[in-house]
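Accompanying notes for the structure given below.
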Amino acid sequence: MARLERDLFVEAPPERVFELLAQPERTPEWSPNVVAIRRVGDGPIGVGSTTHALIKALGTQQRAIGRCTVFDPPRRIVIESRTDLGARSRSDSQLVPEGSGTRLRATLEYVVPGGGLGQLFDKLVAERQTREDFEQALLRLKRLLEAGLA
């Protein structure tokens, strides 16, 4: 499983950062690889909440099912996803108050399907693109929150 980690300071309180992260339908506003996403069901968001998404990955569009596995406002949210082509990911966002803002500790773990060949493809091609998308998503999230748009 590949793992990306990043610490980022956001000039917004943890409650506001968490509120945006807990609105999956807004993810396309800040994540460059999410085309569309919708919640499944009418209940409140929390552990067990499920989403259906259309994502861009390495030049393809794929469907993905996401499930919230940790929901601890305003400290932590974890989403696990699986695409229709078999890729899996786990996004863990931890929020720590820091002064007037928030220290966001973001971790993305993912597995590219295809066994050894998939791992080779990840090292040669996918890892760089995934890292760029991860960094871009966090910077967009930061800008959106600091501009007061969330």
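The values are calculated or read from the model by the stated rules, or taken from the named source; none is laboratory data. None of the values given here were measured: they were computed from a predicted structure. Cβ sites come from the backbone with ideal geometry, for glycine too, and all protein chains shown count toward neighbours.
Please count how many residues of segment 52-81 are small (Gly, Ala, Ser), over 18 Å from LEU21 (Cβ atoms) and part of a strand (DSSP E or B).
Matching residues across segment 52-81 total 1.
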- Restricting attention to segment 80-101, and to residues there that are touching a residue at least 40 places away in the same chain (Cβ under 8 Å) and of a type in the set (A, V, I, L, M), which single residue is nearest to ALA2 (Cα to Cα)? LEU95
- Item | Residue under evaluation ARG39, criteria (1) at pLDDT below 85; (2) within 27 Å of ARG16 (Cβ to Cβ); (3) surrounded by 14 or more Cβ atoms within 10 Å (Cβ to Cβ); (4) not β-branched (Val, Ile, Thr), criterion not met | (1)
- Which condition number does ARG3 fail, the rest of (1) among the charged types (D, E, K, R); (2) in a helix (DSSP H, G or I); (3) over 12 Å from the mean Cα position of the chain (by Cα); (4) within 21 Å of GLU132 (Cα to Cα) being met? (2)
- What is the number of the single condition among (1) of a type in the set (Gly, Ala, Ser); (2) within 12 Å of the chain's Cα centre (by Cα); (3) modelled with pLDDT of 95 or more that GLY99 does not meet? (2)
- Task: For residues that are more than 15 Å from LEU108 (Cβ to Cβ), touching a residue at least 24 places away in the same chain (Cβ under 8 Å) and surrounded by 15 or more Cβ atoms within 10 Å (Cβ to Cβ), tally how many sit in segment 59-78.
- Result: 4
- Item | Among the residues listed as VAL17, VAL47, the single one being in a loop (DSSP other than H, G, I, E, B) and at pLDDT 95 or above | VAL47
- Message: Restricting to segment 74-96, and then to whatever is among the aliphatic types (A, V, I, L, M) and under 19 Å from THR130 (Cα atoms), can you tell me which residue is modelled with the lowest pLDDT?
- Response: LEU85
- Return the residue satisfying two criteria in turn: it lies in segment 68-84 and is over 14 Å from ILE45 (Cβ atoms) and not basic (Lys, Arg), and of such residues it is farthest from the chain's Cα centre (by Cα). ASP84
- Scan segment 20-37 residue by residue and report those that are of a type in the set (Val, Ile, Thr) and in a helix (DSSP H, G or I). THR27
